[in-house]
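Okay, structure first, notes after.
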Amino acid sequence: MLRTPRANIARGMHLLLSGFAVRFNGIRDEHGHVFQGRYNAKCMPVGMAAGRLFDYINLNRVRKGLLTVDQLAYCQLSGVWGLCHPHARGELRQGEGLVCFIGYPDNSQGWENYKIHLKKVSGEDPDADIFDSDWEHERILEARELKTNPKGRAVASGLTEEEVTQLEQQHSEETFERLLLAAGRTPQMVEKEHGLVPWKLELAAQMFRTTTVTEAWVVRRLNAGSVGHFTKVLRNGVRPQ
């Protein structure tokens with residue numbers, strides 16, 4: 001469950017999983033897919049309470065029959081374990097989710113109350129059929145609203161999705177110009193310097209960290225050759241000469 005300021009989770013996961021697969025196959029001299037299914041990101045419907053998704057994720061192992069709710073706190077792969085071990089959370093924010101989405105304090109009493117809460121949710125919806133049905137219902141309602149208003153529903157900022165997209169594009173252009181200037185380059189210099197060189201790779205990495213641009217966008221703006229070669233270099237971590 002992630003909240004991202006920019007819609008680039010899918011691209012990041014694609015680079016991570018495909019990069020791992022390339023190296024894995026190279027080491028083992030194998031071919032084909034390493035992971036069974038493709039990664040995909042689902043946007044939570046606006047009408048769906050975030051707390052229910054928080055519960056759904058934490059109950060995955062229980063509903064698969066792998067663990068009981070009580071065992072979640074002892075499994076390091078469980079979000080509940082991270083919740084009960086604040087020192088091990090790192091960048092994860094389970095405690096904030098517990099407070100904001102569920103309403104329990106982020107302390108030992110709150111963690112115990114949450115486990116009781118999970119037992120109740122698991123008992124009432126053991127196979128997540130109710131959750132899935134409500135998710136689909138809210139998704140349909142949201143799709144109908146978007147159909148009625150083609151420009152998109154207003155988001156928390158009060159802007160429509162179309163306006164947010166325009167702001168994203170503007171942000172990408174401004175960021176590119178700023179990074180290009182910081183690298184001591186001009187658009188004219190980029191046009192004359194064809195191919196992928198170290199400074200272009202560094203600039204591309206910064207663009208991916210701060211914007212939603214695609215590989216094709218970066219390759220075109222940096223005059224960096226083919227998208228295929230650029231993606232291969234990026235995945236393998238090879239430093240161009």
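The numbers here are math on the coordinates, done by the rules we state, and not lab data. These figures come from a predicted structure and were not determined experimentally. As a convention, Cβ positions derive from the backbone with ideal geometry for all residues, glycine included, and neighbour counts pool all protein chains shown.
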Residue separation times 0.36 nm, minus the C-alpha to C-alpha distance between Asn223 and Lys147: what's the value?
-> 23.5 nm
Gain on full stretching of the segment that runs from Thr210 to Ala183 - 0.36 nm per residue minus C-alpha separation = 8.1 nm
Net charge over other residues, Cβ less than 10 angstrom from the Cβ of Asp70 (K, R count +1; D, E count -1) = +2
What is the calculated FRET efficiency for Asn113 to Gln71, with r their C-beta to C-beta distance and R₀ = 25 Å, to the nearest 0.05?
-> 0.90
Between His194 and Cys43, what is the spin-label point distance in nm, taking each point 7 Å from the Cα along the Cα→C-beta axis?
-> 3.9
Going through Lys42/Lys232; Lys200/Lys232; Lys64/Lys120; Lys64/Lys119 one by one, the pairs whose alpha carbons sit over 23 Å apart turn out to be Lys42/Lys232
Here FRET efficiency (C-beta to C-beta, Phe101 to Ile27, R₀ 41 Å, nearest 0.05) is 0.50
3J(HN,Hα) from dihedral phi, the range 210-226, Karplus parametrisation 6.51/-1.76/1.60, rounded to Hz, x for glycine, proline | 10, 9, 10, 5, 9, 4, 4, 4, 5, 4, 5, 6, 9, 6, 9, x, 8
Gyration tensor on Cα atoms of the range 161-236, a ≥ b ≥ c root eigenvalues, a/c under 1.5 rounded, else prolate if a/b beats b/c, else oblate, says oblate
Could you please report the charge total around Asp127, scoring K, R as +1 and D, E as -1 over all other residues with beta-carbon less than 13 angstrom from its beta-carbon?
-> -2
Length gain on complete extension for the stretch Arg93 to Glu124, per 0.36 nm per residue less the alpha carbon to alpha carbon distance?
-> 8.5 nm
